[in-house]
Structures are given as C-alpha cells and as structure tokens.
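The structure appears below as structure tokens.
The values are calculated or read from the model by the stated rules, or taken from the named source; none is laboratory data. Computed from a predicted structure; not experimentally measured. For neighbour counting, all protein chains shown are included, and Cβ atoms are generated from backbone atoms with ideal geometry for every residue, glycine included. Each accessible area value is taken on the protein alone, full model and side chains, heavy atoms only, with ligands, DNA and RNA left out. Shrake-Rupley method; radii C 1.70, N 1.55, O 1.52, S 1.80 Å.
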There are 2 protein chains.
Amino acid sequence: MHKEHNLTKNQQIIFDIIDRSPEPLKAYSILFNVQKKGIKAPLQVYRALDKLVEIGKIHKIESRNAFIACQNSSCQVSKATAFSICESCEKVTEINNSSLSKYLSNFKDKAGMKYSKYNLEFFGLCKKCITK
Amino acid sequence: MHKEHNLTKNQQIIFDIIDRSPEPLKAYSILFNVQKKGIKAPLQVYRALDKLVEIGKIHKIESRNAFIACQNSSCQVSKATAFSICESCEKVTEINNSSLSKYLSNFKDKAGMKYSKYNLEFFGLCKKCITK
DNA sequence: TACATAATGTTATATTATAACAATTTTAAT
DNA sequence: ATTAAAATTGTTATAATATAACATTATGTA
C-alpha cells in the first residue's frame, strides 16, 4: 500500500480527477476541469502533479505527456514503472509483473551505472484494437 | 547496419549535428545551431527529426525531450530502445544488451497485448558521478 | 508562541510542438 | 524526356507544455 500522505486541497482535487479518469490526462485538460474549483493557473496544476508523482500516487506517461493514477498497490514510489500503450485507442495500463520488475531492477549493464529508477513503455495494439 | 537512406539536405545537416554531439540535443538547440545553414524555422527541424526517428538514425529520449544518434549498429529501426541516463551529469547512453532486448521483445503480459515496440529509460548515477 | 517548511496564488514568460498552405524537388512509371 | 505522385521544403502563425519569480498563507513542530 501507499504510505499515507495527507494530500492538500489542490493535490486532492487533482488526484481525484486523474484517479477517476479511464485514460491518462494532460496537464491543461486537468486545468480546464478544475477551474470551476478555483484552480486557475497552470502552475497550480503542475505543482500538484509534481508532488503526486514524487509520492507515487500518479505516474507520468512520458511519451504522451500525460498522467495516470498508480494502479499498483505494491509500489510505494515511482521508481520502477512499466506501461502498455495501445497506439490505436491510446489505452494505457500499468504493468504489474514481478518477473519483469525483478529482471529490470537487477539489470546491470557493462557501463557500471548504478540505477535507482526505470521507466518502460510498451507500444502495440490492445486486444480490442487487434480485431478491428 | 542501418538500411541506407539517402538523407536530404536538411536531414543530413540535422543528423550530423546530433551525431557529433556528446549529449542529447533539444530541438530548439538544434535550431539555433543550424540557423547559419539556412534552416530558420522550428518545423524544418521537427520534420527532419521525425524522419530521422522514423528511419532509426536517431532516438528521442522521452524524459528529456532530446535526441541522440543511434549507437546501436544492429538496430534497423527504433522499435526496441533502452537508455541509461545519469541524473547528475545527464549523460545518456544507448544500452545494447541482447539479453535485455530478448527479454523485453518476448515479454507478454496477461492483458494479451501485442507489442510492436518498447522504450526503456534507466536513471541513476554514472561511474564518474558516483564518486563525486 | 514563533520559527521553519510547505503549499498557494498570481503574472509573466520560456520551451516544445503542430496547423495550414504554397512551392519545389525527387521518384518512378510511362 | 514526360508526367503524375510522393516527399520535402519554406513560411507564418499558433497551439500545447512547462517553469521563473515573487508575494502570501497555511501547516507542522519545537
């Protein structure tokens, strides 16, 4: 489970929107959605997003500049993330596969770098879109 | 080896700059560098970048919005990419590890998605920066 | 209380990327 | 060589993503 962070008002508003969304949300789409709640400026959104990413409640899908709630009850922070992305319908799913995460967390390359974090994005077609 | 693509003038100019750079370059930094060669507009840069990515001559480092020349003589196109990124000095290296690429290319998750592509970015400290 | 830290609000601006359209060059088939 | 299609280029404008800087307010904690 996530360590409990007491989210602030803005953080909670923005987390709720992302958490309820079936698809990753972009910062300005979030901004548009929260203007009725008094959050008026991009920076207010970005600050909340930064914090939510930092504490592992959401992840950024780098290839899409969009944010998704963490689906993975066993991850405390966002140090090891993997996603599958359908290039047709843009559905994004967080992959929770212990074989994969073990393999990647233990990966060492010849350059001798010490890795503390990784992000993996798979692209392809989801079941629904394959049959179309 | 790469399939030979005869690069156009703009593509060649922009590829050369990226290829000679020891670090990933951002689009507007490239633009600044090629203005003396007659490339004046962002779109000219982005179009060349898009094409170079498409044919596998360069890769985009998604977490940095920057571009690096392909270091991997065995990759035809950019369907299976992995990078190590030093969070201190920002050095980026393309990982060429057949065990890793086999593992990821064969990866199937329970959702049954058919993957045609992946991108993996490792973050940490490079040898030099660890000892600092 | 009072200090430090974190979060907020606000304006302005920086950075990254694409739309739309016209013109030119290249390719490949006749 | 001719020509039609496809790719590339040039250009202006604008959209989309993200941060700087600074003043203020709220929260945690000694």
Taking alpha-carbon centroids only, region B:98-115 lies from region A:12-49 a number of Å equal to 33 Å
Tell me the net charge near B:LYS51. Cut-off is 13 Å between Cβ atoms, B:LYS51 excluded, with +1 for each Lys or Arg and -1 for each Asp or Glu. +2
Counting only other residues whose beta carbon sits under 9 Å from that of A:SER116, what net charge do I get with K and R as +1, D and E as -1? +2
Per residue, how much accessible area does region B:80-130 have with a 1.4 Å probe, in Å²? 49 Å²
Assuming R0 = 35 Å, what is the FRET efficiency of A:ILE130 and B:LYS132, from their Cβ-Cβ distance, to the nearest 0.05? 0.10
The helix A:42-54 Cα axis meets the longest alpha-carbon principal axis of chain A at an angle in degrees, between 0 and 90 and rounded to 10, of 40 degrees
Length added when fully stretched, A:LYS117-A:CYS89, from 0.36 nm per residue minus Cα-Cα: 7.3 nm
Projected label distance in nm at A:PHE32 and A:GLN12, using a 7 Å step from Cα toward the beta-carbon: 2.7 nm
Equivalent-ellipsoid semi-axes (√(5λ), Cα gyration tensor) for region B:9-69, whole Å, largest first? 16, 12, 11
Count charges around B:ASN33 for me, please; just the other residues with Cβ under 15 Å from its Cβ, Lys/Arg as +1, Asp/Glu as -1. +2
How many percent of the alpha carbon pairs in region A:1-105 exceed a separation of 24 Å? 23 percent
What percentages make up the Cα-Cα pair-distance distribution of region B:80-130 when the bins are 10 Å wide from 0? 24, 41, 26, 9, 0
As an exercise, find the ratio Rg/Rh for the protein assembly as shown from alpha-carbon atoms, using the Kirkwood inverse-distance average for Rh. 0.98
Counting only protein heavy atoms, what percent of the accessible surface of the protein assembly as shown is carbon or sulfur at a 1.4 Å probe? 52 percent
Among B:LEU31, B:LEU49, B:LEU100: highest mean-square fluctuation, GNM of chain B, C-alpha pairs under 10 Å: B:LEU100
Given the DSSP H assignment, sum -39500 (n - 2.57) over each helix run of at least 4 residues in chain A and divide by its residue total; what's the result at 222 nm in deg cm²/dmol, nearest 500? -9500 deg cm²/dmol
Relative to the first principal axis of the alpha-carbon coordinates of chain B, what is the inclination of helix B:9-20, with its axis defined by its Cα atoms, in degrees from 0 to 90 and to the nearest 10? 60 degrees
If I take R0 = 22 Å and measure r between the Cβ atoms of B:LYS79 and B:ALA41 in this structure, what FRET efficiency does the formula 1/(1 + (r/R0)^6) give, to the nearest 0.05? 0.15
Could you run the numbers on buried accessible area between A and B, total for both chains, 1.4 angstrom probe, in Å² to the nearest 100? 2900 Å²
